[in-house]
Each structure stands twice: as structure tokens, then as C-alpha cells.
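K.L.:
Here it is, the structure, as C-alpha cells.
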Amino acid sequence: MSYAQTALDQLEKGQLTEFKRQYALALRHDDDDTLFSLAEELYSLGFLNQSRRIYEKLLTKYPDEDELRTNLADIAIDEDKDDEALNYLNQVKPTSPAYVESLMVAADLYQTQELFEVSEQKLLTAKKLAPDEPVITFALAELYFTMREFRKAIPLYLDLITAGTTEMSNVNLVERLGVAYANAGRFEQAIGYLKQIHSGEMTPDVKFETAFTYLQLKERPAAIRLFTELKETDPNYTSLYPYLGQALEAENRLPEALTALQEGLGVDQYNEKLWLQAAHVATRLDNEDLAEKYLKKGHELDHDDLSAVIQLSNLYVKQERWDDNRDLVQPYIQEQNTDPQLYWNLAVTAEHQEDFSAARADYDAAAPFFMDQPDFLKPAIYFYREEGARDQVLKLLKAYVQLVPDDEEMALMLESYQTD
């Protein structure tokens, strides 16, 4: 038995002192092939110093063996010694048998530096030189996956799976392909692959993507089941809660939807969108006090989010809380950070407070945006009629009657305005 094998045996037993002794004897007495194998084994076990020492010894003896340089570059990358790694890689010439391997190691280095385009060019060059090498195809697919360039990753994963490779470097390629399809918006293709993975074997990310895909395909019971499983196994996976709430609400399971969103707020209390979603469900459950509480929470987290302002303003208008609505909305109008709905709500508020001049200005501002909405047009018509604004009444009447031709009252009013 070689000293190298004895060293590995001692390492497996946890006898580090004896391992070091046998390792030193291997360096002095074992043949070069045995040492090279020992270096590979030690590298895979994370013993970088011992592996590097062997490669350096062999490189001194075999200066033309560029595979040793690529292995030393790999170790340097693992030790965050990027300049040292590049120095080794730059010594490998395009004519070297190890050139393709050096390109892949360089791609790995540049990817760790988030220089993705440089990494891509290295891998594309390698693939041109060795087009049938699956490791290169896999590396390029994984790079595109990391870059979220899913449409580029998909055909590469497909090539590997078609050739019979379903796993590489502990990566399930069927999972990867399914997730890539889902992120590319190709949900029908995605679910065909994701269905092949047993729920218990899914990582949290894959389970989320599978549930999300089911949701996009309107297969909501399956989505709810997987989102719920993910919640139970990983309650801190915050991304699941809005979608679980959405799926439950779409199934009209409103109390459960509200509970799911409340659970999400328990682990993600600074997500203003989650507060607003919970407020929406609370409104559908006729719990306006809870809806207001949640809307105010969301508004506190992001004063610039007009969706929170609009929903809260709508609630105040519904409850005829005119002062509260004016206090909420007026600052946004003054700062010109607004939405047509706020002009509409403020117009209704001013009209009820008998501030007709302000109401006229707000109706004028809102009208161009709601000419296709009968719910706006009808009360606006009555307001403008009281104001004696004939031209505006006629304009809005024409739009309304075109939308609601069977409203006899409005049709007669339009006829009278046209014949006057």
C-alpha cells in the first residue's frame, strides 16, 4: 500500500497527526501519478494547502504540464487569491491540451467577480473548441441561469437532458429546466418538468417555483397545497405569503387568505405590499376597521406608494369621512405626486363639503381619465349640470350614453341638451 493511501485512511479515521506523517512520507517516496491522485483527493476533501504543495512539487518537475497550472488556479480561486489564479491561467497557451480547462477555470473566476460577460466569452470560446463536452454546456447553462438569462439557458439544459444527462455536479437538470421555463414565463412547459420531481425532494426554491407555476396556470388547489407545505417546512420563506394569499382569495377562501397574509406579516412586517394585500382581503370580508389599520401600516412604510393612498382614500370616501380624506390627499395634489383617482375622490369630498369651486377644479382634472367609466360620469354630469357647465355636461353625456345606452334618464337628458 502506498503512503498516499495510508494517509487517506488515517484521515478517514480522524487521525490527523498520523495523516500528516504519512502525507510527508508520500511526498518523499510515492511516485508522481500516485501523488497527483492524492492531490485531487485532498482537494475534493478541502485540504487545499496539502493539495497545492503536491501540485507545486509536480510543476517544478513537469513545467510543461499545464493541467497542474489549472489545478493550482482552482485552489487560488478557492482561497480568494484572484491575481495568483490569473497568473497561472495566463501561462496556459491556446496550443496547450489544457487550454479548454483553463478557459473554464477563468470563467469560474470571473463569475465569482460578477464579471458575467467576460465569463460568458470564456465559456463560449471553450464550447467552440470542444462543442460536444457536456461539462462546458452545463457551465454555460448555469452561468445563464445565474444571470437570469433563462431563454439562453433552456436549450443548453435541454441538450444535456436529451443526451441522457439528468444530473451534474449534484444539480438536478430536470429541476433546473423546469425553473428556467417558469422564469421565462413558459408555464406549460415548466410544469411538465416540475411535475416529475417528488414534492419531498424539492428544495424550497423549486417548491416555490412549482407552486408559482401552478398559480399562473390557474391550478390553484395544487398551488395552495405546495405553498402551504413550504410555509410549514420553511415559515421564513417570505416570498410565499403574497401568492398563497392570492391563491386562497381567488378560490374565495377569504378567511384563510387573510390568515395566510397575517402569518406573512408576522415574519415580514416591513413589506408594505403585504399590508395592502391584507387590507384588500379585510375589505372584502367587510372588516373596514382592520382594513384601515393595515392600510395605515402600509402607508407609514412608504409614503410615496400611491396605491396605499388611493385605497385609504377610497375607504374614507366610502365612509364619508371627508375631512380625513382631504387631509390625506391634499398634500399629494400640492406636490403633484398624484393619480387621477385622487382627483376624483377629492372632487367628491369638496362637493359634499360644498366647496364647489374646488370640486369643479378636481372634476376637471379627473374627467379626461375616466371618460370610459359610467360610475364617474353620472355623478359628474349631475355636478356640472348644477354648475351650469353646459359644454362639459354635453361632452360627458355623450360618453355616458354610448357606454350605457339603456339608461333612459341619461338618454333623455342628452336629447334635451342637444335640442336646446
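Only the coordinates and a few stated rules stand behind these numbers; no lab work does. All of these numbers come straight from a predicted model, not from anything done at the bench. Virtual Cβ from ideal backbone geometry, glycine too; neighbours counted across all protein chains shown.
K.L.:
What do you get for chymotrypsin sites (Phe, Trp or Tyr not before Pro) in the stretch 170-258 restricted to DSSP loop and a cutoff of at most 11 other Cβ within 10 Å of the site's Cβ? Please list the in-between numbers first.
P.N.:
Working: sites: Tyr181, Phe187, Tyr193, Phe208, Phe212, Tyr214, Phe227, Tyr237, Tyr243; in loops: Tyr237.
Answer in residue order: no site qualifies.
K.L.:
Which one of Trp275, Val404, Gln50 is farthest out on the positive end of the charge dipole of the chain, using unit charges on Cβ (Lys, Arg +1; Asp, Glu -1) and the Cα centre as origin?
P.N.:
Gln50
K.L.:
I would also like to ask the following. Check which residues have an amide H placed less than 5 Å from Met168's amide H, if you skip close sequence neighbours.
P.N.:
Leu173
K.L.:
Taking Cα atoms of the stretch 220-279, Rg/Rh with Kirkwood Rh, to two decimals?
P.N.:
On the way: Rg = 10.3 Å, Rh = 11.1 Å.
Rg/Rh: 0.93.
K.L.:
So, one more: Could you give the C-alpha radius of gyration of the chain expressed as a fraction of 2.2 N^0.38 Å, taking N as the number of residues it contains? Before the final figure, lay out each step's value.
P.N.:
On the way: Rg = 33.6 Å, N = 420, 2.2 N^0.38 = 21.8 Å.
Scaled against compact globular proteins, the figure is 1.54.
K.L.:
How many angstrom lie between the Cα centre of the stretch 62-80 and the Cα centre of the stretch 321-343?
P.N.:
65
K.L.:
Calculate the tail of P(r) for the stretch 280-400: the fraction of all Cα-Cα distances greater than 21 Å, expressed in %.
P.N.:
Working: 2924 of 7260 pairs.
Across the stretch 280-400, Cα pairs with separations above 21 Å total 40 percent.
K.L.:
Further question on the same structure: Within the set of other residues whose C-beta is less than 11 Å from the C-beta of Met371, count the net charge using Lys and Arg as +1 and Asp and Glu as -1. Each step should come with its number before you reach the end.
P.N.:
Details: positive: Lys395, Lys398; negative: Asp372.
So the environment of Met371 carries a net charge of +1.
K.L.:
Same structure again: On a straight-distance basis, which lysines could pair with Lys395 in a cross-link, Cα separation under 22 angstrom, same-chain partners fewer than 8 positions away excluded?
P.N.:
Lys378
K.L.:
Write out the GluC sites (Glu not before Pro) in the stretch 322-369 meeting two conditions: DSSP loop, and at most 11 other Cβ atoms within 10 Å of their Cβ.
P.N.:
On the way: sites: Glu335, Glu351, Glu354; in loops: Glu335, Glu354.
Hits after loop and neighbour filter: Glu335, Glu354.
K.L.:
Placing +1 on the Cβ of each Lys and Arg and -1 on the Cβ of each Asp and Glu in the stretch 132-258, which of Tyr144, Tyr193, Leu258 has its Cα farthest towards the positive end of the resulting dipole?
P.N.:
Leu258
K.L.:
Two decimals, Cα atoms only, Kirkwood Rh: what is Rg/Rh over the stretch 157-313? The partial results should precede the final answer.
P.N.:
Numbers: Rg = 18.0 Å, Rh = 16.8 Å.
Dividing the radius of gyration by the Kirkwood radius yields 1.07.
K.L.:
Hey, another quick one. Expressed in nm², what is the orientationally averaged projection area of the convex hull enclosing the Cα positions of the stretch 32-90? Walk me through the numbers on the way to the answer.
P.N.:
Numbers: hull surface 14.1 nm².
Over all viewing directions, the stretch 32-90 projects a mean Cα-hull area of 3.5 nm².
K.L.:
I'd like the distance between the alpha-carbon centres of the stretch 371-420 and the stretch 108-145, rounded to an integer number of Å.
P.N.:
If we compute the Cα centre of each part, the gap is 65 Å.
K.L.:
Can you give the convex hull volume of the alpha carbon atoms of the stretch 183-247 per residue, in Å³? Show your work: numbers first, answer last.
P.N.:
Values: hull volume 5.0 nm³, N = 65.
Measuring per residue, one finds 76 Å³ for the Cα hull of the stretch 183-247.
K.L.:
Moving on. For Lys13, go through the aspartates and glutamates and keep the ones whose alpha-carbon is under 14 Å away, minus same-chain ones fewer than eight residues off.
P.N.:
none
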